[in-house]
Amino acid sequence: MLIKYYIVLLLVTALTVVNANVTFKVIAVDGTPSVVISNTKYEMKLLDYPIYQVVVNVDPPVSYHYSLTTGSKVEEEGFTRQVTGTETLNEFFNRAYTSKKHPLLPKAYETPSTIKQSKIYDDTHVSTFLITGSESDINKLHNNPENGSIKIDVNVIFVNPYTIQKFENAKIAISGQSTLHAKKLSYKISNLKYSNPTDALYGRSAIRLRGEHMDPTFLREKLHSDILNSLGVPAVQNSFARVFINKRPIGLFDLTDDINSRHFIKSTFNGGKDYSTENAIFKVDYYPDGGAWGDLGYYGSSSKMYDIYYYKGENENRSGSKDKVKSILVPFLLDGDNYPSTQKLNFDIKNFLKQMAVEYATFAMDNFWIRPGNYYIFKDVTRDQWSFIDSDLHYTFGVNSNGNAEKVLSITVKDYVKYNTEITTSRPLLDNIRKISSNESYFKEVFQNLVKYVFNINALGPRIDSLADLIREDAYWDLGLPRVSGYSKPNDYGYGPSDFEAEVKNTSLSSSGRNVPLKYWIKRRSEIIASQFGVSVPTSIVVGSYGYYSNVSDYKKDSYTVNKNINVSIGTSTSNLPISQNDRCGSSFGTRCPNSQCCSKYNYCGTSTDHCGTGCQSGYGICNNSNNSSSNVSTTKGRCGPSYGKCSGSNECCSQYGYCGTTQDHCGTGCQSGYGICNNSNNNTIQVSTTKGRCGPSYGKCSGSKDCCSKYNYCGTSTDHCGTGCQPKYGICN
């Protein structure tokens, strides 16, 4: 018996020392990284530049950090990371936050169904752009920022915690107007497309990288757009990106939309679907010295005032801008002039008024209501509908206003337009719209809801803190970088880390600094608005029936990389290929289908007989002959699927990413029944939510037996919860 005891003890001991393999991945622009675990350094190998990888035989959870060797220099991270699974995300060297969830803003109005969000504006992480081109061309671009004709060919690598994508035929140009004279330049990157012209970077073929040279927090433009989004306005979105050009660090940027790009237009106003006809879009500037500003007033069939409108539609290079202004825009301006008598105007009045309310709240002194310019006016030809799109919203939240803070903070809606003494106080289209009592009542309602739900310190304060935590290391890095502009006398405000901290943290005014601190601005301005419209600033967050607004953040927990330019040679193992993000697969694309899908002979992912039958490519997905009975048990601990086999445990599920386990992530959505067991998709298998009052795919089912789960993932018993959009998988429904 004693011998048997020792044999069992030895077997148990042997089993307990078997470690799992953990894959570590880090982004390194230059040098060779290593992962350091318990003072042991494991050198990493290049997976797909700039991502390095190493697989270490160690049992999670694991504490670790990275080091980077560049020549004779070795740099160690000064903080400790921890991984609890078998693979890290794509982590950026020397940045503590790889991904961070932020407090969301309550929605004051519903998000229009015409908006198709893009993952590029997921604001829970900082993306990275690595741009390479001819050094002489790059120098020419930087040394001549005022020359708008310079657009150079570059290669672009886009990488974030979840994906890497490469574009070989992109173009870069200097972007902006007043920013052309800034020491830190802004950029436009275009032609972010693959061979298929409809396949772009998360639905965006062109983006802008705004330098935010006036804002040491890098948050003002982002916050303004967040507020618009929470009001249900079809508007630009924003996230953050660090930029390198020819491996030279350029800085932290606000990543945002190129408004006159057709990809932005169709994703914002047409649900991501292509238009069947050419639409019209005009960019509007402000030039009082030249006798023109874009107040959307009608000044006869021809006028010098129209010189400030520029056609930016698809045919802008094939026909004159002035002809387009005369034939398309001027008739709309005439309709606006007649609106008080006809009360007919094919214009999105409500969203225009929302944008004016937010301009007032943030004191957007370089935008329409104060200085008529810096916006676009768009005509959806099919619907015969015009829309206003605000842009370039960096001059907000008290920028350059610390010297007269109380004056700009306390100015009323009635006197707001008087702040600009360069031109008249007339804003013809806005004035005519407000002459109709129902519009003026709606405008008042917008201001009241703006303060109630969004523009108050309870809603915005925690979000500012969280966003600042995410970008702090990148902001400090940016504020210490040398700049690249060759302009003779560039504008440079000389901001440093102390300015960043003061403007994101301070709740009172300081005698120093150019700008009003964000939190002080929000607190005082919300009080001024509330006092004008007969409401009070709420003392806590108010959430209505519309729930919260969220930038797209639906990446899966298991990380992966995507590179559509990898070619796989015959005989090469495909088990480590990245998962397709555009439903294309096979050797021509260098990607495999999600593990529950088949790759057809024509290189498309799907689950039909055409995909999984004759010609199905088993190396790039499953096929009809791949089933549980014929699959061998995986010999790689913890892995499963077509490339490995079925899970060894009889009670284990095989997740959509090829990992064995028993959690909902393994056994729920995407579970591969051919390689293990799976939960049935019914209410009984869904766990009860552990977050009070929340439900849905991210939380679980409601705890109360009489609770319904609304389409916004809240538990309750009202019509809003139990009616349209109610989720029967997570509670009862009417």
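Values in this text are rule-based calculations from the coordinates and carry no lab data. Computed from a predicted structure; not experimentally measured. Note: ideal-geometry Cβ built from the backbone for every residue, glycine included; neighbour counts use all protein chains shown.
Take every DSSP beta bridge whose two residues both sit in the chain, then give the antiparallel share in percent to the nearest 5.
If I count the DSSP bridges inside the chain, around 85 percent turn out antiparallel.
Taking 22 Å as the cut-off for C-alpha to C-alpha distance, list the pairs among Lys444/Lys519; Lys116/Lys184; Lys222/Lys519; Lys646/Lys701; Lys151/Lys283 that go past it.
Values: Lys444/Lys519 24 Å; Lys116/Lys184 32 Å; Lys222/Lys519 15 Å; Lys646/Lys701 30 Å; Lys151/Lys283 20 Å.
Checking Cα-Cα distances, Lys444/Lys519; Lys116/Lys184; Lys646/Lys701 exceed 22 Å.
In degrees between 0 and 90, to the nearest 10, how far off the longest principal axis of the chain does helix 437-449 point, with axes built from Cα atoms?
Tilt relative to the chain: about 50 degrees.
List the aspartates and glutamates whose Cα sits under 12 Å from the Cα of Lys247, skipping any in the same chain fewer than 8 residues away.
Those aspartates and glutamates meeting the cut-off are Asp30, Glu135.
For region 265-331, evaluate the Debye formula with one uniform point scatterer on each Cα (no solvent term) and list log10 I(q)/I(0) at q = 0.19 Å⁻¹, rounded to two decimals.
Debye output, listed in q order: -0.78.
Find the relative contact order for region 251-335 and round it to a whole percent, using C-alpha pairs within less than 8 Å whose residues are 6+ positions apart.
25
Taking the Cα centroid of region 399-470 and of region 697-734, what is the distance between the two, rounded to the nearest whole Å?
That distance is 36 Å.
Using packing as a proxy for protection, rank 24-32, 97-105 so that the peptide with the highest average count of other Cβ atoms within 10 Å comes first.
24-32, 97-105
To the nearest 500 deg cm²/dmol, what mean residue ellipticity at 222 nm is calculated for the chain from DSSP H runs of n ≥ 4 alone, each contributing -39,500 (n - 2.57), summed and divided by the residues?
Helix contribution divided over all residues of the chain: -6500 deg cm²/dmol.
For region 18-92, what is the convex hull volume of the alpha-carbon atoms per residue, in Å³?
Per residue, the Cα convex hull of region 18-92 comes to 83 Å³.
Dimensions of region 87-180 along principal axes (Cα, Å, largest first)?
Extents along the principal axes, in whole Å: 46, 39, 23.
What fraction, in whole percent, of alpha-carbon pairs in region 184-278 exceed 20 Å separation?
43
Counting only other residues whose beta carbon sits under 14 Å from that of Tyr730, what net charge do I get with K and R as +1, D and E as -1? Can you show the working numbers first?
Numbers: positive: Arg694, Lys701, Lys706, Lys711, Lys729; negative: Asp707.
Net charge around Tyr730: +4.
Could you tell me the distance between the Cα centroids of region 108-176 and region 492-545, to the nearest Å?
Here the answer is 31 Å between Cα centres.
Please work out whether region 258-390 counts as rounded, prolate or oblate from its C-alpha gyration tensor, where a ≥ b ≥ c are the square roots of the eigenvalues and a/c under 1.5 means rounded, while otherwise a/b larger than b/c means prolate and anything else oblate?
rounded
By the scheme Lys and Arg +1, Asp and Glu -1, what is the net charge of all other residues having a beta-carbon under 15 Å from that of Ser540?
+3
Lys and Arg at +1, Asp and Glu at -1: add these up for the other residues within a Cβ distance under 9 Å of Leu68 and post the number.
Working: positive: Lys73; negative: Asp30, Glu75, Glu76, Glu77.
Its environment carries a net charge of -3.
For a test of the definition: using alpha carbon positions, the gyration tensor, and the 1.5 limit on a/c, classify region 394-450 as rounded, prolate or oblate. Mind dumping the intermediate values first?
Numbers: a/c = 2.61, a/b = 1.52, b/c = 1.72.
Judged from the Cα gyration tensor, region 394-450 comes out oblate (a/c at least 1.5, b/c at or above a/b).
Starting from the amide H of Ala170, placed 1.01 Å from N in the peptide plane, find each other amide H under 5 Å away whose residue is 5 or more places distant or on another chain.
Val154, Val156
Just subtract the alpha-carbon distance of Asp137 and Lys692 from 0.36 nm times their residue separation and send over the number in nm, one decimal.
The Asp137-Lys692 span can extend by a further 194.1 nm.
What percent do you get for the relative contact order of the chain when only Cα pairs under 8 Å and 6+ apart count?
It comes to 11 percent, rounded to a whole number.
Which values, in whole Å and largest first, are the semi-axes of the equivalent ellipsoid of region 490-548 obtained as the square root of 5 times each eigenvalue of the Cα gyration tensor?
Equivalent-ellipsoid dimensions as semi-axes: 30, 15, 11 Å.
Taking a ≥ b ≥ c as the square roots of the eigenvalues of the Cα gyration tensor of region 331-419, is the shape rounded (a/c under 1.5), prolate (a/b larger than b/c) or oblate?
prolate
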